[in-house]
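Bear in mind these aren't lab numbers, they're just calculated from the coordinates by the rules spelled out. Values in this document were obtained by computation on a predicted structure and should not be read as measured data. In this analysis, Cβ positions are derived from the backbone assuming ideal geometry, glycine residues included, and neighbour counts consider all displayed protein chains.
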Amino acid sequence: MAGDGWRKRHDVFKWGLSRWMSLAKMEYTCEVYGLFAAYINQGTDTGMSARKRQSIIPDFAISSAAGRPRSLGELKFIGYSKTFFPSDKKESDRCFGVGKRAGTVNSDYLRNARRADIDYNGHDRNNPLDGPITRSMGG
């Protein structure tokens, strides 16, 4: 979409969902800043904006039951396309596209972590060992 429409749509839904979570008295954080910042070289001469120095910013962190770690949540959208809604799927497969998109979220995050390790930590892309951001995600 022209004019940053995808991000704007995402943010309207994200903040609306945040409002509902608040009304439900859930313990959560929207836009989880600082979660991966400790794994990035934060030198003052990097020229990175404050947002870039975060690397990855999950949409939500949701507190779980006592004694359990919080969960990260990511809001994703899909459009009507052959990728998510191929013509060979029947009406009974109506959740196929959502399942397919959901199955890519973790690998997308790991790919972004690897990219951030290369861009911000000088990690060699040919090194078989993961960089610090990717390791922090269990990559």
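Data overview
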| read-out | value |
| --- | --- |
| Residue (of Leu129, Tyr80, Leu110) at the positive-pole extreme of the chain, dipole from beta-carbon charges | Tyr80 |
| In Hz, Karplus ³J(HN,Hα) per residue of segment 93-109 (6.51, -1.76, 1.60; θ = phi - 60°; x = Gly, Pro) | 9, 4, 9, 4, x, 5, x, 5, 5, 4, x, 9, 4, 5, 5, 4, 5 |
| Top of Asn126, Asn106, Asn41 by mean-square fluctuation, Gaussian network on the chain, Cα under 10 Å | Asn126 |
| Principal axis dimensions, segment 5-136 - Cα atoms, whole angstrom, descending | 53, 41, 35 |
| Spatially proximal lysines relative to Lys82 (Cα-Cα < 23 Å; intrachain offsets below 8 disregarded) | Lys90, Lys100 |
| In Hz, Karplus ³J(HN,Hα) per residue of segment 70-75 (6.51, -1.76, 1.60; θ = phi - 60°; x = Gly, Pro) | 6, 10, 8, x, 10, 8 |
| Set of lysines with alpha-carbon distance to Lys14 below 18 Å, sequence-local pairs under 8 removed | Lys25, Lys76 |
| Gained length - Ser22 relative to Lys90, 0.36 nm times residue gap less alpha-carbon distance | 20.7 nm |
| Inter-label distance for Ala38 and Arg135, nm, one decimal - labels placed 7 Å from Cα along Cα-to-Cβ | 1.3 |
